[in-house]
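Below is one structure, written out as structure tokens; the observations come after it.
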């Protein structure tokens, strides 16, 4: 079937229309489902998606949670992605990256066969591992500075050239694509680094995990990172998916998403001149 | 079913018995199959495994090649892994790594549900992304210095502390496990670095990709990296899998594996005192 082009104009249009940059991470853990669902991951995903379509501009299925189910997990993942449809950016949170011929296979599987619009990519193996993901109309989202404690182990180490590793990753990998097909992952737990990166990369979108369960501050991130096109995708997963373990889980997920959006909206109206 | 423990003693025993450290990479590309197979990836894998069981100590399915087939690829992967059985180390070449709760899901899917014995892990996100893969009796294989051109982009950059990034990755991550459950990936295209790493890490196994199609020199790698327990797993993929595109493909794969082993064997007999 023909797909619509989910480029930067598409994304900015969604952001203007829905007045949010919220991305909902589909980190669906079969152990955490409401008991009424009897472990039906796909039914959970569909209910969450139905309840939250108007509250977000992107969904981000986390591949690990589906792979944990064994081979049937990929079937559920495919049905979930198909169910999301054409009115959201679909981000494969897969953290892939390997030598060129192998990255090309991941790209074919995840961006073509699974029909995702974007994929998170690990830059450790360098340029020839990242560039195979640049295919027509798709987004490459490069890990720069992640939200976790382990980001101190290597990403923040100072290099002899004076930059930190994540800064070198961004400046080098920014030349492999452009602001129309490349995003960077910057953890919500690092707001001052988000500001620094916004100054260096005024036009790139940043994917921001780490609010909610991981403790990042939405106001600080919005102040530091939003631009006139939006410029951020702020992800929340656990706080929305598991807002309730009862039969009202989808409604509570919607309310939680609305609450996040109440925080985001005033910043967005100011930066995008929406009022 | 109960599994046997595929620990370091198991691995060294296999190496002594088969007099090789050859690992066969199951990078099965549906576009490159002999035409008589009509695109049957599983039949190809079974024929290759049947022909080469005695020539190698490990098989390394490359997950990307199965994911490129969409959801059915994981079914083929599972059947391939089951078919290999208990007399080889089974390495998931999956290059995974994410924040702790997500790495735990990858670990559950790939090491438990798919029943692989080892997994390649990308260290860029740091300790809490790597440690969830340490589960009883399984191996964690950390990317250090890969075989590709892109290894120059970040892995070989000098840090302010005087080390190169891959050296920092190895010295730091070596403390997260031990030589009985941790290996490092070192590309065959870097023999002098393999020697340097052998001196620093005398007891760790190194997984060595990059011979054959990628141009690494077996003699140089064996001289630099073998130790009295074996200490290396030397991977070949394309040169063995696609030695012939005719109906004799499995026999030719076996011959190619035998040729690699003729190169490895004298080094191994000397280092392991096998003669």
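We did not get these values from a lab; they are worked out from the coordinates using the rules stated. Everything numeric in this text was worked out from a predicted model, so none of it was measured. So basically every Cβ, Gly included, is an ideal-geometry build from the backbone, and we count neighbours across all protein chains shown.
Which of the residues that make up the stretch A:118-140 are away from chain B (no Cβ under 12 Å) and either crowded, with 24+ Cβ neighbours inside 10 Å or in a strand (DSSP E or B) (or both)?
A:118, A:139, A:140
In the stretch A:34-57, is there at least one residue being touching a strand residue (DSSP E or B) at 6+ places or on another chain (Cβ under 7 Å) and within 13 Å of chain B (Cβ to nearest Cβ)? For the stretch A:34-57, residues touching a strand residue (DSSP E or B) at 6+ places or on another chain (Cβ under 7 Å) and within 13 Å of chain B (Cβ to nearest Cβ): absent.
Among the residues of the stretch B:146-178, just one is more than 7 Å from chain A (Cβ to nearest Cβ) and part of a strand (DSSP E or B), namely B:164.
For the structure I just gave you, tell me whether residue A:143 is within 25 Å of residue A:164 (Cβ to Cβ), at the interface with chain B (Cβ under 9 Å from one of its Cβ atoms), touching a helix residue (DSSP H, G or I) at 6+ places or on another chain (Cβ under 9 Å) and not in a loop (DSSP other than H, G, I, E, B). Yes; evaluated as a whole, the condition is true for this residue.
Of all residues in the stretch B:76-112, those satisfying the criterion of being more than 17 Å from residue A:122 (Cβ to Cβ), more than 7 Å from chain A (Cβ to nearest Cβ) and in a helix (DSSP H, G or I) are B:76, B:77, B:79, B:80, B:81, B:82, B:83, B:84, B:101, B:104, B:111, B:112.
Which residue is farthest from the chain's Cα centre (by Cα), if the candidates are limited to the stretch A:66-75 and must be under 15 Å from residue B:94 (Cβ atoms) and part of a helix (DSSP H, G or I)? Here the residue is A:71.
All conditions in (1) within 15 Å of residue B:114 (Cβ to Cβ); (2) crowded, with 16+ Cβ neighbours inside 10 Å hold for residue B:85, with the sole exception of (2).
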